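The values are calculated or read from the model by the stated rules, or taken from the named source; none is laboratory data. Not measured: the values here are computed from a predicted model. Quick reminder, even Gly has a Cβ in these numbers, built from the backbone with ideal geometry, and neighbours come from all protein chains shown.
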């Protein structure tokens, strides 16, 4: 098996280290990707620190991956050597259940195969994009349009599709009022995408410290949730609210901002439960929903949409040796708005 350089967590408490991992040989339907950039998602931090449950160490995370095809299997028809490609949060699924057959393999009833911490088809634990190469079955490899800057494209594979999917599903567009809770890695993408879809966009953030950015990225309005008047003034205002934060919030206060038949969709995943009062939902016939990542076809749709509308994440590049520092800065919300690892520094 090929041995490649990687950055791995060895425990829930120790810093990530440089190491090597094994990748499987390229099979008939596989694509070998030389990784150029890998985004740092808050999910990576939750995972390696054991906040979403126990995992097997050592573990390489990273599910925002872009690179170049360097080898293909004998049966591959979707990609060729030299193509710009991406890999998101999953690398396979059962392909047999009703959800997979309907094109929603992200909701595979047997559990999709995650890009990291999942059991792969050979019984090994999948290892993610903080590495120089990855082998993925061709059907789960995306095409990255040439017009999207390669150095900032990686976060689209998670942050991009995680926000695009609910915005598309709940029909964000002209005449719709959309609020985005949180102005971080997910939130800033939700603002850009909702604006491009034609919705009226409001950012709800703890403070006004990122107001200038929010308005520049496409928000029409920006409010501080630390001001109690915000919830009074915006009561029953929104058709759709995208909650992008991965921390415990007063979800009922935000539900009160929905107008008749409005929906609040959580895409951030805090470790703690979010208690909901039934009467908050009864009023205005409100809905509280969750949304995971998008399907492979929807992820490609998102990439093409971003290419068409000139959308790319706001990123800050870091080297392989700066990943632990980047993690600490993510936890302090000290990033605007997504760290991307230059994998060339790992070679």
With over 19 Å from residue 331 (Cα atoms) and touching a strand residue (DSSP E or B) at 6+ places or on another chain (Cβ under 7 Å) as the only criterion, which of 39, 27, 73 stands out? 73
Any chance you could count how many residues in the stretch 26-53 are at pLDDT below 95 and more than 26 Å from residue 313 (Cβ to Cβ)? 2
When residue 130 is evaluated against the numbered criteria (1) crowded, with 22+ Cβ neighbours inside 10 Å; (2) free of Cβ contacts under 8 Å to residues at least 40 places away in the same chain, which criterion, by number, is the only one it fails? (2)
Would you point out the residue of the stretch 267-316, among those that are touching a residue at least 40 places away in the same chain (Cβ under 8 Å) and on the phi > 0 side of the Ramachandran plot, that is surrounded by the fewest Cβ atoms within 10 Å (Cβ to Cβ)? 310
On the given criteria, is residue 324 assigned by TED's automatic domain parsing to the domain that holds residue 113 and either surrounded by fewer than 16 Cβ atoms within 10 Å (Cβ to Cβ) or touching a helix residue (DSSP H, G or I) at 6+ places or on another chain (Cβ under 6 Å) (or both)? yes
In the set 305, 339, the lone residue that is modelled with pLDDT of 95 or more and either in a loop (DSSP other than H, G, I, E, B) or under 19 Å from residue 242 (Cβ atoms) (or both) is 305
Based on what the data block shows, is residue 212 in contact with a strand residue (DSSP E or B) (Cβ under 7 Å, 6 or more places away or on another chain) and either surrounded by fewer than 21 Cβ atoms within 10 Å (Cβ to Cβ) or assigned to a helix (DSSP H, G or I) (or both)? no
Take residue 31 and decide whether it is touching a helix residue (DSSP H, G or I) at 6+ places or on another chain (Cβ under 8 Å) and outside any loop (DSSP other than H, G, I, E, B). yes
